[in-house]
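> This is the structure I want to talk about, given as structure tokens.
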């Protein structure tokens, strides 16, 4: 029995050892397989990450090449050391390609900007060239590319390229507002155009803006309403500097210019009852207003703009200036428009005024306000731009701002 028992014990021990060896071996084999599989996954992920990083760097380089061709300074968008850095730079560059930067001369922005920051994450770099349909921008890009190529042998082109880049950035900046139609006043050109989103010129006309010492400010705003037969509330500096000496010298100036003198309660005061000798630039408790009518300096139509700078568009009682002079920079800062009736009808979306409105000159009219939808207005200072035929122009730097 002892011999038999020992044999059984040996057999059991061997079997147990084999079972243990089997499971231990199986564990090590499985563990090694898992390590090998994990290593393979990590290697594949690394290769994929490196591939994505290379693709991202290539996309950034491609975007930089396109951006440079449309006048964007790409020096701050070069390929960086990390994928995250390149991803951020690519997104920021794409946003500048689409929306531009805030123009440096902009003194007021009364419209809400809308920038789709999520767009850059899915934008296709290869399709950037087809992103815009705005004709003047595309035409100006064509001129920029042509002159950029020529600048390799003609360094004198550098200043022209700089001026074109400023205008290209302005056109990109308009995309932040996505207007269906908008008014664009270009001060150096002495022009106003109403554009649609394709860049079609719906209503081109001449304008007269501020003289060099009374510059019309650049702004983004909108037309609040239109006033028929407006009063001209004379700015206090004009009333004191230009009108007061004349009024003190000869009261007939007041009547000849259809001026009204108003007190602090906005009540009209008889000029004959004022002690003019006691008045001065520091002692003038009145306000000067020009009565409505054909002789009013604002003409028969005024386009009120939302802004704190007292700037607006208006008709004029000196319409012959648009034909008799090339000096389109002679106002106190507001913008006189050549075709006020056509502009009003377009903005109101209906033929509210006929062709005879400007010639009827009705007397004893009170101002009447016509409400309108917010109509975007951009007043800008673009020295380089294209005309209706796509021809490149460099206008005079009338305010000496381009130096």
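> For the stretch 341-370, give me each residue that is more than 30 Å from residue 178 (Cβ to Cβ) and in a helix (DSSP H, G or I).
Hits for the stretch 341-370 are 357, 358, 359, 360.
> Could you tell me whether residue 394 is under 20 Å from residue 173 (Cβ atoms), at pLDDT 95 or above and either assigned by TED's automatic domain parsing to the domain that holds residue 141 or over 20 Å from the mean Cα position of the chain (by Cα) (or both)?
The answer is no for residue 394.
> Go through (1) over 27 Å from residue 197 (Cα atoms); (2) free of Cβ contacts under 8 Å to residues at least 60 places away in the same chain; (3) assigned to a strand (DSSP E or B) one by one and return the number of the condition residue 373 breaks.
Only one criterion is unmet by residue 373, namely (1).
> Across the stretch 132-144, what is the number of residues that are surrounded by 14 or more Cβ atoms within 10 Å (Cβ to Cβ) and assigned to a helix (DSSP H, G or I)?
9
> A further question on this structure: Scan the stretch 306-316 and tell me whether some residue there is more than 28 Å from residue 160 (Cα to Cα) and more than 23 Å from the chain's Cα centre (by Cα). Before you say what the answer is, go through the steps one by one.
Quick first cut of the stretch 306-316, residues more than 28 Å from residue 160 (Cα to Cα) only: 306-316.
Then drop every residue that is not more than 23 Å from the chain's Cα centre (by Cα), which leaves 315-316.
Yes; the residues of the stretch 306-316 include at least one that is more than 28 Å from residue 160 (Cα to Cα) and more than 23 Å from the chain's Cα centre (by Cα).
> On to the next question. Report those strands (runs of 3 or more DSSP E) wholly inside the stretch 299-340 carrying at least 3 residues which are touching a residue at least 40 places away in the same chain (Cβ under 8 Å) and surrounded by fewer than 22 Cβ atoms within 10 Å (Cβ to Cβ).
Strands (runs of 3 or more DSSP E) meeting the threshold: 329-331.
> Pull up the stretch 193-233, narrow it to residues that are closer than 30 Å to residue 361 by Cα and touching a helix residue (DSSP H, G or I) at 6+ places or on another chain (Cβ under 8 Å), then point me to the one that is surrounded by the most Cβ atoms within 10 Å (Cβ to Cβ).
226
> Further, regarding this structure: Consider residue 390 carefully, then state whether it is farther than 27 Å from residue 290 by Cα, touching a helix residue (DSSP H, G or I) at 6+ places or on another chain (Cβ under 6 Å) and surrounded by fewer than 17 Cβ atoms within 10 Å (Cβ to Cβ). Outline the logic, then answer.
On the way: farther than 27 Å from residue 290 by Cα: yes; touching a helix residue (DSSP H, G or I) at 6+ places or on another chain (Cβ under 6 Å): yes; surrounded by fewer than 17 Cβ atoms within 10 Å (Cβ to Cβ): yes.
So residue 390 fits the description; yes.
> Search the stretch 78-113 for residues being part of a helix (DSSP H, G or I) and touching a residue at least 40 places away in the same chain (Cβ under 8 Å), and hand back the single one that is nearest to residue 216 (Cα to Cα). Lay out the reasoning, then the answer.
Here is the first cut: in the stretch 78-113, the ones part of a helix (DSSP H, G or I) are 83-99.
Within this subset, residues satisfying the condition of being touching a residue at least 40 places away in the same chain (Cβ under 8 Å) are 96-99.
Values: 96: 27, 97: 28, 98: 28, 99: 25 Å.
The qualifying residue nearest to residue 216 (Cα to Cα) is 99.
The values are calculated or read from the model by the stated rules, or taken from the named source; none is laboratory data. Remember, it's a predicted structure, so these values are computed and weren't measured experimentally. Note: ideal-geometry Cβ built from the backbone for every residue, glycine included; neighbour counts use all protein chains shown.
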